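Accompanying notes for the structure given below.
Every read-out reported here was derived from the displayed coordinates using simple, explicitly stated rules and does not represent laboratory data. Everything quoted here is computed from the prediction, not taken from an experiment. Glycine also receives a Cβ, built like all others from the backbone with ideal geometry; neighbour counts cover every protein chain displayed.
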Amino acid sequence: MPTLAAGRDVQALHRAAAPDFFGWLEHTRAAGACTRPIRLAGTLTAVESGTGRVVEQRHTDELPDRTLYKACGNRRAAQCPDCAWVYAGDAFHVVRCGLTGGKTVPTSVAAHPVVFATFTAPSFGPVHRRHIPRHTCADRRRCDCRPAPCRARSIAGTCPHGQSAACFARHDADDPQLGRPLCLDCYDHDHQVVWNYFSGELWRRTKQAIERHLAALCRRRGIPHVQVSTDSGRVRRVPPVRVSHGKVAEMQRRGAVHFHVLLRLDGVDPDDRDALVPPPAGITVDDLDAAVHAAARQITVVTPPHPDGPQGWQVAWGEQVDVRRIGASDGDVTDGKVAAYLAKYATKSTEITGHCSTRLTPDTVDAYADPEGNHLARLIDACWRLGRPIHHHTSRTVAPAGERQAGLDTTPNAYAGLRRWAHMLGYGGHFLTKARRYSVTFGLLRDTRATYRRAEHDDTADSGDAADTVTVGTLAFVGSGWLTDGDALLANTAAAQRRERRRVGREELAHEAWSGVAA
Ligand SMILES: [Zn+2]
Ligand SMILES: [Zn+2]
Ligand SMILES: [Zn+2]
Ligand SMILES: [Zn+2]
């Protein structure tokens, strides 16, 4: 649209020609790369940190555009590419610090046994797929190997709906058919969205089972439990090993989530429960590997009865749980590659399935849900239908971990949350989660960045901010987005120039990770 672009260029020219242009550019710097920054107005007060004395007070009316710009902070690359990029960087550091130490994590963690496991969903019906049985390419990044036929069958047969059970296509990597069921009517959409919904609970119980397996192993090997004192002052005996994890959810093309999880063995310090210490020498990476496999096979969540599924649904892992060792002798999977790989998924959501919408409401759901429609429309329909208000008389229900605050026993329909998460095809969890002890927090990284930015700012402009003051704001939301498309162009361009060098470095690493780990 040439008129739009022309309008934008005129806006940009006006802004750039204004006398305070460089002040404006500096002012918007913190949000410079954001697609839709948040605009705030109100009072900013600089307070001396020791005494609480007010050093300076300013109203945002005195600032360029009379507002403060704050990056939207959206984690999803489809919503705001740059905020997602910042988030991915934080995710990378969170994951990596848990592997190598750094920031507040002791570097001794690098010696703890670690595995990188992928937990997948089971099959809910055959889908079109692309698989390369054996790679002959030299460089996986430029793989040109021929995929095998999708679903070759010698006796093809048809389903009750007349669809062939075979597909001889060798699908391209970007074939929109991939992940779509061979027969939409045979496919169990209900089971899949229920699986997504309860997958967090399945993971929670699996992790408990892993720790139980290891505790039992310690007992058999005569490794003593450790006495720790609880917050209430009582002494308790606990197993000498525990597992800390960092986990990323990945939405597959078929619309089922699976989890990539780093599991690290830690020991227990009897004097300081929060200390990160090595596990006892008698427990090794082999034991961790075996415990993961055993737990994944063992744990099944049976969900509560529902009128559309009177027995409930079985929620268990798919047959294959892939467990890899980090830093193993083949040198294939390294700390940096795994961290980059997880960080990449942390910024994604349902985009791969072709679905990308915000939370659905009774007014908008009809545009997406259709019991007779395509794969996605049927998944969203299943969420909406199973989540409908119903009243049944069970007193005990299970609900995914994230829904617990809603009140387990008072929830009339244990599946009600499926409506809330229909736009996520039932998955209501976070895309990146970690155990408290696993690594540094996102908050710490954000604080560090804010401090760094302030220091950077002090160097380049005479802001008058003393190092020992904190700025307190009473700010109100006044809007979101840039004032004009021209402003967006200028701020984004400046930010892109600042970041270009850093971005290139990191993307190379992520790309390497993609081909190295996803193999
Ligand atoms: Zn943003
Ligand atoms: Zn196919
Ligand atoms: Zn290949
Ligand atoms: Zn069928």
On a full-extension model of 0.36 nm per residue, what is the gain between H293 and D274, subtracting their alpha-carbon distance, rounded to one decimal in nm? 4.1 nm
Could you work out how far apart the two model spin labels at F477 and Q311 are, taking each label as a point 7 Å from the Cα in the direction of the beta carbon, and quote it in nm? 4.7 nm
Out of all Cα-Cα pairs in region 1-53, roughly what percent, to the nearest whole number, are more than 14 Å apart? 73 percent
Using the charge dipole of region 207-289 (Lys, Arg: +1 at Cβ; Asp, Glu: -1 at Cβ; taken about the Cα centre), state which of V285, Q252, V238 has its Cα farthest towards the positive end. Q252
Running Debye on region 73-168 with equal point scatterers at the Cα sites and no solvent, what base-10 log of I(q)/I(0) appears at q = 0.14, 0.17, 0.19 Å⁻¹? -0.94, -1.01, -1.03
S229/K103 FRET efficiency (R0 25 Å; Cβ-Cβ; nearest 0.05): 0.35
A6 paired with C145, simple spin-label distance in nm, labels 7 Å along Cα-to-beta-carbon: 5.4 nm
Report the calculated FRET efficiency for Q163 and R53 (r = Cβ-Cβ distance, R0 = 56 Å), to the nearest 0.05. 0.15
To the nearest 20 debye, region 233-344 has a Cα-centred charge dipole, built from +1 on Lys and Arg Cβ and -1 on Asp and Glu Cβ, of 300 debye
Just list whichever of K207/K348; K103/K344; K207/K247; K70/K247; K207/K434 have alpha carbons separated by over 19 Å in the model shown. K207/K348; K103/K344; K70/K247
Tell me, in nm to one decimal, what length is gained between D370 and C183 on full extension, where the rule is 0.36 nm per residue of separation less the Cα-Cα distance? 65.7 nm
Select from region 183-229 those trypsin sites (Lys or Arg not before Pro) which occupy a DSSP coil region and have at most 13 other Cβ atoms within 10 Å, ordered by residue number. R221
